Amino acid sequence: MNADAALRAIASVGLPGRPARDRPIELDDRSWNDLAAAMVNHRLAGLLARATADSTIIPNQQQRARVDAMAGLWLSHALQMERLLLRVLDVLDGVNVECLVIKGPALAHTIYEDPSHRVFGDLDILVRGSSLSTARKALVGELDGDDVLPEIRPGFDTEFGKDVLIRVQQAEIDLHRTLAPVPFGLRIPVDELFVQPASFPLGNRQIWTLSRSATLLQTCCNAALGDVPPR
């Protein structure tokens, strides 16, 4: 089996109705190197670790060591990002900005069987457009963050932007005012997403996130309008 076929098999791990495999996946070292690179690009290191644990894929000793090292690095990063997330929420609470946590940590804790199966690289926070400027200033000031992409003109991001990128040391926070880029994001009634949010526990608090239907909307927007080519 080549790396692309293995990638598809790993991405489907845990999905209902996933067809049973006749035999485990085994790859030569060249295909494994291609697969390892794809795992990073597609954020699938957590599912790769699960796939090796349930014998969907059978690595040799050297390949297994790479799986363990890759998963360990991603999960360590996830824990650091979750600690930062709690700080971000404290800052936004302090300036009375209502927010919803979306994408990485929210999906990990609400959709996946185990949060370790969904690794993520940054934080994504949704705020109302009217709160974007306040949230931006608070996070930059309180977390000693770097406002990476200054506005074209005052008020532009509040009116037309999709998100604002704030860097805190090596971590990135995407502060969203909608779920998709212009013009598509302007058609999303963002205020309605705050009406009946879902939640998940993290640390000592409950964290608000999108409802299941809104999560599906966000995921579809990201799949269709996000990375090119899509993950």
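General remarks:
- Percent carbon-and-sulfur accessible area, the chain, ignoring ligands, DNA and RNA, probe 1.4 Å: 51 percent
- This model, with +1 at the C-beta of Lys and Arg and -1 at the C-beta of Asp and Glu, gives the chain a dipole about its Cα centre of some 440 debye.
- Of all DSSP beta bridges in the chain, antiparallel share, percent nearest 5: 75 percent
- Rounded to the nearest Hz, the phi-derived 3J(HN,Hα) couplings of segment 212-224 under the Karplus curve 6.51 cos²θ - 1.76 cosθ + 1.60 (θ = phi - 60°) are 4, 5, 5, 5, 4, 4, 4, 5, 5, 4, 5, 5, 7, where x marks glycine and proline.
- On a per residue basis, the chain carries 55 Å² of accessible surface, using protein heavy atoms and a 1.4 Å probe.
- Kirkwood hydrodynamic radius of the chain, from inverse mean 1/r over distinct Cα pairs, in Å: 19.0 Å
- Cα convex hull of segment 105-171 - mean projected area over all directions, nm²: 5.4 nm²
- Which of VAL91, MET39, LEU79, positive extreme of dipole for the chain (C-beta unit charges): MET39
- With R₀ fixed at 22 Å, the C-beta to C-beta distance from SER211 to PHE156 puts the FRET efficiency at about 0.15.
- Using θ = phi - 60° and Karplus 6.51 cos²θ - 1.76 cosθ + 1.60, couplings along segment 118-128 (whole Hz; Gly, Pro as x): 10, 7, 8, x, 9, 10, 10, 10, 9, 10, 5
- Local net charge near THR56, Cβ-Cβ under 10 Å (Lys/Arg +1, Asp/Glu -1): +2
- Each of ARG64 and ASP191 was given a label point 7 Å from its Cα along the Cα-to-Cβ line. The distance between the two points is 5.8 nm.
- In percent, rounded to a whole number, the relative contact order of segment 154-198 is 29, using alpha-carbon pairs under 8 Å and six or more apart.
- Only DSSP H runs of four or more residues enter the estimate; each adds -39500 (n - 2.57), and after division by the residues of the chain the mean residue ellipticity at 222 nm equals -14000 deg cm²/dmol.
The values are calculated or read from the model by the stated rules, or taken from the named source; none is laboratory data. These figures come from a predicted structure and were not determined experimentally. Neighbour counts are summed over all protein chains in view; Cβ atoms, including those assigned to glycine, are modelled from backbone coordinates with ideal geometry. Just the protein is used for accessible areas: all its heavy atoms, side chains included, with ligands, DNA and RNA removed. Shrake-Rupley method; radii C 1.70, N 1.55, O 1.52, S 1.80 Å.
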